[in-house]
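Structure, as structure tokens:
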Amino acid sequence: MIVGCGGSGDGGDGGGGTATPPSTPPVSGQQGNEVPATGPPLGFPVFATKNTTRVAGGDAIADAAGVALATYPARTPESRPTAVVLAEVRAWQTGIAASVLAARPIRAPILFADGDTIPDATKAALDALQPTGSKEAGGAQVIRVGTKAPVDGYKTTDVPAAASPAALAAAVDRLQTAAAGSASNAVVVVNADRPEYAMPAAGWAAKSGNPILWVTATGVPPETEAALKLHKGAAIYVLGPEDAVPETVFDALGKLGTVKRIAATDAVSTAITFARYRDGAFGWYVVDPGHGLVFANARRPQDAAAAAPLSAHGKYGPLLLIGDDAGALPEPLQNYLLDVQPGYDETTDPVRGVYNHGWIIGDESALAAAVQARIDTLLEIQPVNTGAE
């Protein structure tokens, strides 16, 4: 079921503000004449509405466990993953860089370690998933990225902690390239110090197999440069405006390949621009109805890694950001949802229409129930008077 906390700690994922209490989780098997002590029956309308489903974790550890079990229910042999990624939660860059391992051919969901320990939610999810072993990863059942947390009884392969995010991302890229059998023809580059612009890259990496590599505001790290040279002739897409990736860094990347920038004035609008973007086979190009969408709070960057498998399974959709205010739906995001809202000729049957669905990542301290309700309304298929007789 959907989980609500990560372990024995307070469940915080960083950031300020006053957190609202998490909602009461749904009660499996609750009967109609049984009223829960608190919260709405069966967790509605917070855990699910007609067009949204919430993974209501109090932190990224719990969200990752919930997403992994939603993606791989593990109740039948074919619904188990071949491998899972166990990433270090204390460095947000680690989980986001590791998201590419959720792509083909490994397709590993992300779970989190906390230092050298396995949080309760992670252990419970791993025990339920029982990964079968990925032949593309040398038979590994668990791919540890940036952590040596013990996972007794599972075959592991490691991407060790590195001296910098750039070095670790390059190592993840080498693992993904070896598993795929060739280097991808596109790479996403983001600033390792600006998580709000890096977050949307995680879902795309999981869907496409295009790695995420890091730069800084002052230059291109040597590990990133070396990784780009391994992707001979690959297109380089910079995610973020000039205040995140300055023109001097953009020009330096241009010496390593063809570079294009995907950006808007802020993180919320940049995520929307990325959702709309298409350049040949690269990009979501979600400009019409009939798609999955994933919503997260920019204050919780590791939620992007936790949610990445949702962009690579089911309804395959981009990650969108509500900013860092859990109680507000930004106007640019509202306008985008209106642009892609489904409609049907009111003289016909809506069953023949197309539908949008939204995954809400995090508890109400990440995205308030009222915002979820507004998103639900904007995702709903609407009757349209076309004037046809």
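Any read-out appearing in this document is the output of simple, stated calculations on the displayed coordinates, not a laboratory observation. In this text, all values refer to a predicted model and were calculated from it rather than measured experimentally. Note that we place each Cβ from the backbone using ideal geometry, even for glycine, and neighbour counts take in every protein chain shown.
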Could you work out how much longer the chain between Lys135 and Arg104 gets when fully extended? Use 0.36 nm per residue separation minus the Cα distance between them, nm to one decimal.
9.9 nm
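For a Förster distance of 41 Å, can you work out the FRET efficiency between the beta-carbons of Ala281 and Thr76, rounded to the nearest 0.05?
Numbers: r = 33 Å, r/R0 = 0.80.
Approximately 0.80, to the nearest 0.05.
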Please list, in order, the residues from region 312-350 whose amide nitrogen is less than 16 Å from a point placed 7 Å along the Cα→Cβ vector of Asp288.
339-345
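Would you kindly calculate the translational diffusion coefficient of the chain, applying Stokes-Einstein with the Kirkwood radius from alpha carbon pairs, for 37 °C and a viscosity of 0.692 mPa s, and quote it in µm² s⁻¹ without decimals?
Details: Rh = 21.1 Å.
The estimated diffusion coefficient comes to 156 µm²/s.
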Based on other C-beta atoms within 10 Å, arrange Thr147, Thr377 from fewest to most.
Thr377, Thr147
Under the classification rounded if a/c is under 1.5, otherwise prolate if a/b is larger than b/c and oblate if not, where does region 152-191 fall, given a ≥ b ≥ c as square roots of the Cα gyration tensor eigenvalues?
oblate
Helix-only [θ]222 nm of the chain, DSSP H runs n ≥ 4, -39500 (n - 2.57) each, per residue, nearest 500
-8500 deg cm²/dmol
With unit charges on the beta carbons (Lys and Arg positive, Asp and Glu negative) and the dipole taken about the Cα centre of the chain, which residue among Pro150, Gly139, Gly203 sits farthest to the positive side?
Gly139
How large is the charge dipole for the chain, taken about the Cα centre, if only the Cβ atoms of Lys, Arg (+1) and Asp, Glu (-1) carry charge, to the nearest 20 debye?
1260 debye
Cα point-scatterer Debye curve for region 62-131, base-10 log of I(q)/I(0) at q = 0.13, 0.19, 0.28 Å⁻¹:
-0.32, -0.68, -1.34
Under a cut-off of 14 Å between alpha-carbon atoms, report the aspartates and glutamates in cross-link reach of Lys255, not counting same-chain residues fewer than 8 places apart.
Glu225, Glu247
Built amide H within the under 5 Å cut-off of Leu320, gap 5+
Val294, Phe295, Ala296
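What fraction of the DSSP beta bridges in the chain is antiparallel, stated in percent and rounded to the nearest 5?
Values: 4 of 42 bridges.
Taking every DSSP beta bridge with both residues in the chain, the antiparallel ones total about 10 percent.
Between Asn385 and Asp345, what is 0.36 nm times their sequence separation minus the Cα-Cα distance? Round to one decimal in nm.
Details: separation 40, 0.36 × 40 = 14.40 nm, distance 0.61 nm.
Between Asn385 and Asp345, full extension yields 13.8 nm more.
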Counting Lys and Arg as +1 and Asp and Glu as -1 over every other residue whose Cβ sits under 15 Å from the Cβ of Lys232, the net charge comes to +1
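On a 22 Å Cα-Cα criterion, which of the cross-link pairs Lys260/Lys315; Lys123/Lys148; Lys155/Lys232; Lys148/Lys232; Lys123/Lys207 come out too long? It would help to have the intermediate numbers written out before the result.
Details: Lys260/Lys315 27 Å; Lys123/Lys148 15 Å; Lys155/Lys232 33 Å; Lys148/Lys232 32 Å; Lys123/Lys207 25 Å.
Over 22 Å Cα-Cα: Lys260/Lys315; Lys155/Lys232; Lys148/Lys232; Lys123/Lys207.
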Sort 55-62, 356-363, 250-257 by packing, meaning the average of other beta carbons within 10 Å per residue, with the highest value first.
55-62, 356-363, 250-257
Highest average packing first - 337-349, 364-376, Cβ atoms within 10 Å:
364-376, 337-349
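For Val354 and Arg261 in one chain, what is 0.36 nm times their gap in residues minus the Cα-Cα distance, to one decimal in nm? Before the final figure, lay out each step's value.
Details: separation 93, 0.36 × 93 = 33.48 nm, distance 3.14 nm.
Net length gain for the segment: 30.3 nm.
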Please list 140-146, 202-208 highest first by mean number of surrounding beta-carbon atoms within 10 Å per residue.
202-208, 140-146
